[in-house]
Amino acid sequence: MNCKEVQAAMIEYLDGALHPPAAAQIKAHIDACSECRREAEELQVLLTAMKNNNQEMPSPALRENFNTMLQSELNMEAMANILQDRGIAEKPRARVVPLSKAAIAGRVAAAIILVAGGVAIGMAIRSAPDTGNTAEIAKLRTEVNKMEKEMKEKDMLSLIDDESASQRIKAVSYAEQMANPDQQVIDALFNSLNHDKNVNVRLAALYSLSRFADRRPVRDSLVSSLGIQTEPIIQVVLINLLAEKRETKAIAPIKEIIINKKTLKEVKDAAQKGLKEL
Amino acid sequence: MPELSDEKIMLLVKEGHLSELTVLFDRYHVALYRFFFHLTVDRAASEDLTQNLFYRVIRYRQSYEPSQGSFRSWIYRMARNVHFDFCKQEQKTPGRLTDPAETEDQIADRLTGYTEEQYLRLEEVLARLPVEQREILVLSRYQGLKYEEISRIKDISVAAIKVQVYRALKQLRTLYFKQQ
Ligand SMILES: [Zn+2]
């Protein structure tokens, strides 16, 4: 073998990718030829360094940003589903998993539960349609049962101020399972609905509150909340809920939403539709 | 429970189980971040590009067809496009990402935190290669992809890839050992 042939096969030789007889030939040449030996040594330095250079790591912000993006995508999908279900959107924005006949809030809950990354939310599981992802659902169900046993009302009230959004979702969702929550719990839920900085926590709070929407004070507070919400998905879910309950006090805030220039077109359409039902 | 393959998970994502993408993010984000980093030598930009890439995965999930190759080659093809768009957007010289006038000190500044002198120097030298050569080295060496895989990502023959790797390494060697 001459130098040119050896150099052409050098990388595969260094990678150990050659058959033993070919490798032996090259080794013999390298042992005898100082120029090729130098090339082999220097290339080996580079190959090893590139293979082992694993220092560079992204900052934690990358994962946080990814999670935020995924959440907002899921929220948009959930809203598209709701609008489609109400016959408002002409076409689905994207192909999404068909969610059979689950309650509207259940669909939102299903979105939240996925966002929360395995955090158990009882409501979503009961009303979640069969998405074929039964192993995941079963796992969540176990977590919920565990959670139900462990969590007391006072835990819920302390958890509701937790730093982690998934913990807060857990807390507000737990309230949904209470047969008869006291005023303190209801107030805490409204506080989350109206002031939590994470839209998924607000949605989860809204879903829990919707279970108690037949109580007059709860209904009135929901109507007030409609006046301050600006997040499209919350507006749509609230409008749908109050329209379903035939809550005539909601007519005024719904009209406000319709004339507000900042309101999203899809929300206006949902508001018009809700108004007709009232 | 056995781990699902990348392809099965991506199919779930395509069917609308968006949250499953978290699993693929876990598996790939560090490698893809490094892919961008070795190409740009810019940490903030590399995080943005990685984020941008996963956003495209969501947007274009309907275009994923497992019959057309592995998830890995699909996402790397997209990563190349993301990087290409970045170059255009930054209006950097097409063949060369870092400013040719940038001194070694300036490049070293962007690599603070590199404790190994050897890696630092390698990164500086890599930044001086034309982008095509840099990319082939990042894919085949830093990322450890097989020639067959790179062949599918770049849509050229394995033989052509081998030649490109050889030339790029030769060039890298010349620059790296030039002043030592
Ligand atoms: Zn020789």
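Could you run through the stretch B:41-69 and say how many residues are more than 8 Å from chain A (Cβ to nearest Cβ), within 10 Å of B:V82 (Cβ to Cβ) and in contact with a Leu (Cβ under 7 Å, 6 or more places away or on another chain)? Before you say what the answer is, go through the steps one by one.
First, pick out the residues of the stretch B:41-69 that are more than 8 Å from chain A (Cβ to nearest Cβ): B:41-42, B:44-45, B:48-49, B:52-53, B:56-57, B:59-61, B:63-69.
Of the ones still in play, those that are also within 10 Å of B:V82 (Cβ to Cβ) are B:48-49, B:52-53, B:56.
Among the residues that remain, those that are also in contact with a Leu (Cβ under 7 Å, 6 or more places away or on another chain) are: B:53.
Counting residues in the stretch B:41-69 that are more than 8 Å from chain A (Cβ to nearest Cβ), within 10 Å of B:V82 (Cβ to Cβ) and in contact with a Leu (Cβ under 7 Å, 6 or more places away or on another chain) gives 1.
Using beta carbons and a limit of 7 Å, which pairs, at least six apart or on different chains, have the first residue in the stretch B:22-42 and under 20 Å from A:K51 (Cβ atoms) and small (G, A, S) and the second one modelled with pLDDT under 95 and part of a loop (DSSP other than H, G, I, E, B)?
Pairs that qualify, where the first residue is under 20 Å from A:K51 (Cβ atoms) and small (G, A, S) and the partner is modelled with pLDDT under 95 and part of a loop (DSSP other than H, G, I, E, B), are B:A31/B:Q143.
Quick check, is A:A188 surrounded by fewer than 17 Cβ atoms within 10 Å (Cβ to Cβ) and farther than 26 Å from A:E73 by Cβ? Give the derivation first.
Numbers: surrounded by fewer than 17 Cβ atoms within 10 Å (Cβ to Cβ): no; farther than 26 Å from A:E73 by Cβ: yes.
The answer is no for A:A188.
Filter the stretch A:200-216 down to the residues that are buried (at least 19 other Cβ atoms within 10 Å of the Cβ) and assigned to a helix (DSSP H, G or I) and list them by number. Can you show your working first?
From the stretch A:200-216, those buried (at least 19 other Cβ atoms within 10 Å of the Cβ) are A:200-210, A:212; that's our starting set.
Passing the criteria: A:N200, A:V201, A:R202, A:L203, A:A204, A:A205, A:L206, A:Y207, A:S208, A:L209, A:S210.
Among the numbered criteria (1) of a type in the set (G, A, S); (2) under 30 Å from B:F36 (Cβ atoms); (3) away from chain B (no Cβ under 11 Å), which single criterion is violated by A:S34?
Evaluating A:S34 over (1) of a type in the set (G, A, S); (2) under 30 Å from B:F36 (Cβ atoms); (3) away from chain B (no Cβ under 11 Å) leaves (2) as the failure.
Within the stretch B:153-174, can you find the residues that are buried (at least 16 other Cβ atoms within 10 Å of the Cβ) and over 13 Å from B:I136 (Cα atoms)?
Scanning the stretch B:153-174 gives a single hit, B:R173.
Looking at A:L62, is it within 10 Å of chain B (Cβ to nearest Cβ), under 30 Å from B:E123 (Cβ atoms) and either at pLDDT 90 or above or in contact with a strand residue (DSSP E or B) (Cβ under 9 Å, 6 or more places away or on another chain) (or both)? Talk me through it step by step, then tell me what you get.
Working: within 10 Å of chain B (Cβ to nearest Cβ): yes; under 30 Å from B:E123 (Cβ atoms): yes; either at pLDDT 90 or above or in contact with a strand residue (DSSP E or B) (Cβ under 9 Å, 6 or more places away or on another chain) (or both): yes.
When the stated conditions are applied, A:L62 passes them.
Name the residue, out of A:S59, A:S72, A:S34, that is of a type in the set (S, T, Y) and either within 16 Å of the ligand (Cβ to nearest atom) or surrounded by 15 or more Cβ atoms within 10 Å (Cβ to Cβ) (or both).
On the way: A:S59 fails: either within 16 Å of the ligand (Cβ to nearest atom) or surrounded by 15 or more Cβ atoms within 10 Å (Cβ to Cβ) (or both); A:S72 fails: either within 16 Å of the ligand (Cβ to nearest atom) or surrounded by 15 or more Cβ atoms within 10 Å (Cβ to Cβ) (or both).
After ruling out the rest, the residue left standing is A:S34.
With the condition kept exactly as written, say whether any residue in the stretch B:70-91 is at pLDDT below 85 and outside any helix (DSSP H, G or I). Give the derivation first.
Narrowing the stretch B:70-91 to residues at pLDDT below 85: B:88-91.
Then keep just the ones that are outside any helix (DSSP H, G or I); that gives B:91.
For the stretch B:70-91, residues at pLDDT below 85 and outside any helix (DSSP H, G or I): present.
Of everything in the stretch A:12-31, what is within 15 Å of the ligand (Cβ to nearest atom) and closer than 29 Å to B:Q118 by Cα? Give them in sequence order.
Kept after step one, since they are within 15 Å of the ligand (Cβ to nearest atom), are these residues of the stretch A:12-31: A:13-14, A:25-31.
Listed by number, the residues that qualify are A:Y13, A:L14, A:I26, A:K27, A:H29, A:I30, A:D31.
When the stretch A:222-253 is examined, which residues are found to be under 28 Å from the mean Cα position of the chain (by Cα) and farther than 21 Å from A:S208 by Cα?
Here is the first cut: in the stretch A:222-253, the ones under 28 Å from the mean Cα position of the chain (by Cα) are A:222-244.
Matches in the stretch A:222-253: none.
Looking at the stretch B:23-40 only, could you name the residues that are touching a Leu at 6+ places or on another chain (Cβ under 7 Å) and within 11 Å of another protein chain (Cβ to nearest Cβ)?
Just the residues of the stretch B:23-40 that are touching a Leu at 6+ places or on another chain (Cβ under 7 Å), to begin with: B:29, B:32-33, B:36, B:38-40.
Within the stretch B:23-40, B:H29, B:L32, B:Y33, B:F36, B:H38 meet the criteria.
The values are calculated or read from the model by the stated rules, or taken from the named source; none is laboratory data. This structure is a prediction, so every number in the text was calculated from the model and none was measured. Every residue, glycine among them, receives a Cβ derived from its backbone with ideal geometry; neighbour counts consider all protein chains shown.
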